[in-house]
Amino acid sequence: MLKIIVGMILLFIIVDFLVAYKLFKIAFVNTTNRSQAMSAEHNVIPTADEEAEKFLQNTKEKWLNETIEKKVYINSHDGLKLVGFQYLTESLSNRWAILIHGFDSQHQEMFDKAPFFQTLGFNLLLPDARAHGESDGKYIGFGWPEREDIKQWIDFILSQDADAEIILYGVSMGGATAMMTAGEKLPKQVVAVIEDCGYSSVAEELAYQLKQLFNLPAFPLIPTVSIINYFHQGWWLREASSTKQLAKTRLPVLFIHGTEDRFVPFEMMQENYLATPTAKRVLTVEGAQHAKAGVTAGSVYWETVKEFLTENTDMKNLD
């Protein structure tokens, strides 16, 4: 009888490890084919208003035709060559925005946002996150190691412009990256954070996806994934928390989220908001799917961004 019990326990441990390792590969390894997970019904993002999408596409194309792109580089604290793309305003400006893309994407994802920030007078830096685009890296960090990368990109900007006024803006994983960065000790030149549909923590987001994709509970798989991740990346999932980082921030934060987000649930934004002790504001976009708040809200989105920056920073003449 004892042998049977021991055998069942060992079998359970083996199955748990194998399933957890599969989940780890889907979530964290950049070479994994995750099309099945991303095409699951709850992760599919329907096309937003056709006219709004067409307007954004035209705005993006016009901006790309008129702007000058410069490829720039830094070396991460753990030895990765990271690539960014810099776009300067025609007139001299000390305003800078770091636009941070989402999971399984690259800097081009921010091309529909870039023209609007540049009309406000911002020089732009669009990094390819580690393990994305042209940047080195095997493992995706969901914002936790990326927060250190953003700190280095901030230093890169300050090496060019010591008087810079810098804001962080991110969407989805980029939003979480911005929030996690906000809890670090940052130079005084970083003045605000704008996050769009970022999650509350890596563990909570993975648990949510696990339930939605496979109808499996968080325990014991998420703790096992955390052990596997620690072995490969050197950090536990419980460390990578937007809410914990926001609780330490000195920066004002604008939270943006769509009520119909099925990739990062709306409730996670509420957790992040409640954790933030500084000046803060929420833009709730009714009916918006994941990362579609800008399209759905239209001009309200950018008017809110302008008002937030005007009220909470020294940027008083935003055009």
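The values are calculated or read from the model by the stated rules, or taken from the named source; none is laboratory data. All values derive from a computational prediction rather than experimental measurement. Every residue, glycine as well, gets a Cβ built from its backbone with ideal geometry; the counts of neighbours run over all protein chains shown. Keep in mind that these areas ignore ligands, DNA and RNA; they rest on the heavy atoms of the full protein, side chains included. Shrake-Rupley method; radii C 1.70, N 1.55, O 1.52, S 1.80 Å.
Laid out as a table, the results:
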{"item": "FRET efficiency for TRP302 and ILE227, using Cβ-Cβ distance with R0 set to 30 Å, rounded to 0.05", "result": "0.10"}
{"item": "Karplus-derived 3J(HN,Hα), 6.51/-1.76/1.60, for each residue of segment 53-62, Hz, glycine and proline x", "result": "4, 5, 4, 5, 4, 5, 4, 5, 5, 5"}
{"item": "Degrees between helix 221-233 axis and first principal axis of the chain (Cα, 0 to 90, nearest 10)", "result": "60"}
{"item": "Inter-probe distance in nm under a simple model that places probes 7 Å from Cα toward Cβ, at ILE4 and VAL29", "result": "3.7"}
{"item": "Rounded to whole Å, sorted largest first: equivalent-ellipsoid semi-axes of segment 103-186, Cα gyration tensor", "result": "20, 16, 12"}
{"item": "Counting DSSP beta bridges with both ends in the chain, the antiparallel % (nearest 5)", "result": "30"}
{"item": "Sorted largest first, extent of the chain alpha carbons per principal axis (Å)", "result": "79, 41, 38"}
{"item": "Residue-averaged 222 nm ellipticity for the chain, from DSSP H runs of 4+ at -39500 (n - 2.57), nearest 500", "result": "-13500 deg cm²/dmol"}
{"item": "With Cα atoms, 0 to 90° folded angle of helix 144-160 axis to the chain main axis", "result": "20"}
{"item": "Relative contact order of segment 63-132, pairs being alpha-carbon contacts under 8 Å that are 6 or more residues apart, as %", "result": "35"}
{"item": "Reciprocal mean inverse distance between Cα atoms of segment 139-213 - Kirkwood radius, Å", "result": "13.0"}
{"item": "Pairwise Cα inverse-distance average, inverted: Kirkwood Rh of segment 163-312 (Å)", "result": "15.9"}
{"item": "Nearby aspartates and glutamates by direct alpha-carbon distance to LYS316 (threshold 19 angstrom, same-chain neighbours under 8 apart not counted)", "result": "ASP163, GLU165, GLU303, GLU307"}
{"item": "Amide hydrogen neighbours beyond the local backbone of VAL29, cut-off 5 Å, H modeled", "result": "ILE140"}
{"item": "Nearest-ten-degree value, helix 173-182 long axis tilted from longest Cα axis of the chain", "result": "80"}
{"item": "Percent accessible area from carbon and sulfur atoms, the chain, protein chains only, probe 1.4 Å", "result": "56"}
{"item": "Ordering of 123-135, 209-221 by burial proxy (mean other Cβ atoms within 10 Å per residue, highest first)", "result": "123-135, 209-221"}
{"item": "Selected from ALA114, ALA97, ALA297 as most flexible by GNM, with the chain as the system and alpha-carbon contacts under 10 Å", "result": "ALA297"}
{"item": "Convex hull volume per residue for segment 93-242, taking Cα atoms only, in Å³", "result": "108"}
{"item": "For segment 171-246, the spread of Cα positions along each principal axis, largest first, Å", "result": "43, 26, 17"}
{"item": "Eligible lysines near LYS248 by straight Cα distance, threshold 19 Å, same-chain separation 8 or greater", "result": "LYS151, LYS185, LYS188, LYS280"}
{"item": "Length-normalised contact order of the chain in % [C-alpha pairs under 8 Å, at least 6 apart]", "result": "16"}
